[in-house]
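Presented below is the structure to which this report refers.
No lab work stands behind these numbers, since they all come straight from the coordinates. As the structure is a prediction and not an experimental result, all values here were calculated from the model. Here the Cβ positions follow ideal geometry from the backbone for every residue, glycine too, while neighbour counts run over all protein chains shown.
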Amino acid sequence: MKSSFPRLSTGAGSFPIHGNAHLGADKRKSAYPIPMQTSHASRKKLGALTLGALGVVYGDIGTSPLYAFKEAFAPVHGLLPTHANVLAALSALFWAVTLIVSIKYVWLVLRFDNKGEGGVLALQALAHRHTRRTLPQWSKVVAVIGVFAAALFYGDAMITPAISVLSAVEGMEVAAPHLDHLVIPITLAILISLFLIQSFGTAQVGRLFGPLTLLWFVALGTLGVVNIVQDTGVLQALNPWYALEFTLHHPVAAFILLSAVFLALTGGEALYADMGHFGAKPIRLAWFGLVSPSLLLNYFGQGALVMREPEAVANPFYLLAPEAGLVPLVMLATVATVIASQATITGAYSITLQAIRLGYLPRIRFRHTSDTERGQVYVPSVNWLMLLGVVLLVLGFGSSGALAAAYGIAVSGTMIITSLLIFVVAKARPNQRLRRLIIGVVLACIGFEVMFFASNLAKIGHGGWFPVLFGIGVFVLLTTWKRGSELVAEHRKKINMTIRQFTANPPDVQRVAGTAVYLASNPNLVPSRLFYNIRHYKVMHQQVIFLHVDNEEVPYIPADERLHVVGLAQGIYTVSVRFGFREQPDLSAALGGTVRYHLEIPPDATFFVARTSITGCEGVLPRWRCLLFGWMTRQSESTATYFNLPSEQVVEIGTQIRLQPR
């Protein structure tokens, strides 16, 4: 179709045809559609959100009583279940949960959202924006440590289902010792079934998570109270002196004890990662109203039991229950661990999509499993790789005690990185008094987290090597793709013509009827696919649109800020489409909005996209990393599928690139 805009005589000028490029910061902020805000929610909605947070946010940390206290007195640690040692372990556990979870995560970290979203990658994007503006020399460091924390998360995401379900099923050894040989097969059956149903989505199953987790926490608290009443002396552990005295007299044992105490803190990152689904208020209400009291009561109940019967340290959680309630408790614990596993699996999907949008992974096939909840997605490749890893972990380690030795290093490392990123963002706070308070709390938490990390390093030889090695492997993948993509962009910048040059000296070729849309990785450069058409077919379409997708470091983009349309000379336009890192990039839907800016894209428009192959990286990447980047490029989802373009209107042109030094 012919352009309805005046033709510019020089060809070099352009005129914007959208009216939202200069919206003020306040307007932009208020326009972001944070999915679930509770500031104007009714009490009924707040209750529903709080119940939902129980089922998703607290599944991981809620199942830690199954193994955390027991691990403190594992034979490998050499700590005997004496009266003094039990009080010291409980005192350390209570104050660790209070400082790291209650104060750091629930009170502090939930304040630092990225337009309503949480999680280490969302925080990294927030910190990266601050450092680019105020401390540019630190921006790359912030980017690297944030990506490393995300890489460590994948190791934890595989260990959590394995250790949680295995520790629950091990209750059979207490309820029916003659069936202990079935623990591994039943665990594998549950885990395999869990991963097989992921493709159906969790929308329907998720409705059961909240009530079941509520029942689980009530059971935890009840079992704890029943046993505390029988020995109230265990409440002396609320005094931090017991932990301090133990540390002063037995520093080596206390150092080892920290790695077991830390197991009670795993899942703290989920509080932050899932805040975008529920909001900070429901998460805080659930924690202080039910989760924290129930967990601490159960730990103190286990301590009271062990103080009365030291031999119960073999499995103090299940021995809290009377004999008649043991089988129902095993069943409830198994359901609770499945819920905890579900939370980490969906978390792995979410962080994968965030990594793709932020440019750390190639496009990967995924699909949404809910018409109403955009956060519910299914990523087949991640699902099957996690299943393989979880099965190997269960077979390789064989027990929750052995897996506990592998658990903790990656979590503690992620916690330290979160604290460092919070420190960076807090430096930008205008309120000096609040800023000093936040920085003081963060520094105190970092001190303890470093000790937890150092203590967990003692597990390296007992399985702790797995999450570290796996995290390093994922980190190499993420950074290789990021660096390779940057090199490809630099290569194209060197060989391609700028849009300004192109419009100033348009090619003298025949214009044919129709509209051609060329996807451009750089908004300032003319895509090579256009030159391909001109060189081989000597024609150019009557209407040409250079389409660029911006992946922003914010979770969502409001509809009125989605498009930026600029009309150039001779029927040429540039269109920029913005997507947040939590959004599905649907170009077909987004381009429907161009009519508001007097640009009509007909339904028979042709979309030209590229399929890139890497033929060499001499001098810019090591050979092994070049091969890895080339392999990742080949695994990338097609542009048309990823951006939801109509397949019958897509022309894919292959391009070969040899990366070379500048």
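Before moving on, here are some points about what is shown:
- Inter-label distance for Arg658 and Ile472, nm, one decimal - labels placed 7 Å from Cα along Cα-to-Cβ: 3.4
- Cross-link partners for Lys482 among the aspartates and glutamates, with Cα-Cα distance under 14 Å and sequence neighbours closer than 8 places in the same chain left out: Glu490.
- Taking 0.36 nm per residue of separation and subtracting the Cα-Cα distance, full extension of the segment from Gln236 to Met451 would add 75.0 nm.
- Membrane-span-like helices of the chain, defined as complete DSSP H segments with a Cα extent of 27 Å or more along the helix axis and a mean Kyte hydropathy of at least -1.0, are identified as 139-169, 206-230, 326-357, 432-457, 465-495.
- Residues in region 254-273 reached by a label modelled at His462 [backbone nitrogen below 19 Å; 7 Å Cα→Cβ]: 254-266
- With helices as the sole contributors, the chain gives -17000 deg cm²/dmol at 222 nm; each DSSP H run of n ≥ 4 counts as -39500 (n - 2.57), and the sum is divided by every residue.
- Counting all C-alpha pairs of region 529-662, share separated by more than 19 Å (%): 61
- Among Thr639, Thr266, Val330 - extreme Cα towards positive end, dipole of the chain, charges at beta-carbon: Thr639
- Counting 0.36 nm for each residue step from Ser102 to Ala559 and taking away their Cα separation leaves a gain of 160.8 nm.
- The charge dipole of the chain, taken about its Cα centre with unit charges on the Cβ atoms of Lys, Arg (+1), Asp and Glu (-1) only, comes to about 2960 debye.
- When each of Lys115/Lys140; Lys281/Lys459; Lys140/Lys494 is checked by Cα-Cα distance, pairs over 26 Å: Lys281/Lys459
- With the charge dipole of the chain set up from +1 on Lys and Arg Cβ and -1 on Asp and Glu Cβ about the Cα centre, the Cα lying farthest toward the positive end among the listed residues Pro316, Pro430, Leu599 is that of Leu599.
- Computed E for Asn524/Arg365 - FRET, C-beta separation, R0 41 angstrom, nearest 0.05: 0.85
- Protection-proxy order for peptides 251-260, 52-61, 591-600, each taking the mean of Cβ atoms within 10 Å per residue, highest first: 52-61, 251-260, 591-600
- Dipole axis of the chain (+1 Lys, Arg; -1 Asp, Glu on Cβ), positive-most option in Phe217, Cys617, Thr515: Thr515
- Order of Leu79, Leu477 - criterion: other Cβ atoms within 10 Å of each residue's Cβ, fewest first: Leu477, Leu79
- Paramagnetic reach from Leu46 (point 7 Å along Cα→Cβ, amide N under 14 Å) across region 271-310: 279-289
- The distance between label points at Glu311 and Gln137 comes to 6.5 nm (points 7 Å beyond Cα on the Cα→Cβ vector).
- Approximate spin-label separation Ser647-Arg634, in nm, with each point projected 7 Å along Cα-to-Cβ: 2.2
- Distance from region 280-348 to region 464-495 (C-alpha centre basis), Å: 40
- DSSP beta bridges in the chain [antiparallel fraction, %, rounded to 5]: 30
- Label point 7 Å beyond Cα of Leu627 along Cβ direction - residues of region 476-509 with amide nitrogen under 16 Å: 477
- Between region 122-201 and region 600-662, the C-alpha centres lie 31 angstrom from each other.
- When the square roots of the Cα gyration tensor eigenvalues are ordered a ≥ b ≥ c, the ratio a/c for region 458-516 is 1.5 or more and a/b exceeds b/c, which makes its shape prolate.
- Cβ crowding within 10 Å ranks Glu311, Glu618 as Glu311, Glu618, fewest other Cβ atoms first.
- Mean separation of Cα pairs under 8 Å and 6 or more residues apart, divided by the residue count, gives region 57-463 a relative contact order of 34 percent.
- Cα shape, region 57-463, gyration tensor, a/c 1.5 rule: oblate
- Cα gyration tensor shape of region 505-578, rounded if a/c is under 1.5, else prolate or oblate by comparing a/b with b/c: prolate
- Pairs of alpha carbons in region 537-609 whose separation is greater than 13 Å (percent): 67
- No Cys partner within the rule (Cβ under 4.7 Å), the chain: Cys445
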